[in-house]
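Have a look at the structure below, then the notes.
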Amino acid sequence: FNAAPEMTIDTTKTYVATIERDKGMILMELDPALAPITVNNFVTLANLGFYDNMPVAHVEPETYMVLGSPGGNPASDVGYTLPLEAGTEPSSIITGTVSMYPVAGDTGEFLASGSQFFIAFSVVPESATPLNIFGEVTEGMDIAQQMAIGDIIKSITITEK
């Protein structure tokens, strides 16, 4: 991929992403009113099967987990970045917050990863805030907190609410 997908979601709806793994499921409610470009991108990648059978990229116990890196590192991504979306406030990173992982742009500015996303296990200090908050874990936080680097995500499926 070399660019974010065209807008195809209905921004007036709520989307639920179900992350399936051997040891249970994690449900994330996605909020297109907060970050429409990011939710559209995530929904499109999930529907294309991009995240299926992908390993967990990084875990900071009791702090956060990063998923969405085919090679398991920040340099391994979908192939594009996302613009920053203004609707996200740094102080809103709490347990269960889902946001895109920050990556450095060509001129050193931070952009949002095109595929790597972050699930917060606790409140994140403002100075370490990931970008483009687009949802929250509504079920399975205990499952998420037990995951380790290399654990496999079987699939991510999207449903409309």
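The values are calculated or read from the model by the stated rules, or taken from the named source; none is laboratory data. None of the values given here were measured: they were computed from a predicted structure. Glycine also receives a Cβ, built like all others from the backbone with ideal geometry; neighbour counts cover every protein chain displayed. To get the accessible areas, we keep the full protein, side chains included, count just its heavy atoms, and leave off ligands, DNA and RNA. Shrake-Rupley method; radii C 1.70, N 1.55, O 1.52, S 1.80 Å.
Of the solvent-accessible surface of segment 1-47, computed with a 1.4 Å probe over protein heavy atoms with every protein chain present, carbon and sulfur atoms account for 49 percent.
Show that you can apply the helix-only estimate: for the chain, add -39,500 (n - 2.57) for every DSSP H stretch of four or more residues, divide by all residues, and state [θ] at 222 nm to the nearest 500.
-3000 deg cm²/dmol
Surface composition of segment 98-161: carbon and sulfur atoms hold 53% of the protein heavy-atom accessible area at a 1.4 Å probe. The alpha carbon convex hull volume per residue for the chain rounds to 101 Å³. With each label modelled as a point 7 angstrom along the Cα→C-beta vector, the T11-F110 pair spans 2.4 nm. Extension gain for the segment E20 to N53, taken as residue separation times 0.36 nm less the Cα-Cα distance, is 10.9 nm to one decimal.
Could you provide, to the nearest whole Å², the per residue accessible area of segment 98-157 with probe 1.4 Å?
Values: 2610 Å² over 60 residues.
Result: 44 Å² of accessible area for each residue.
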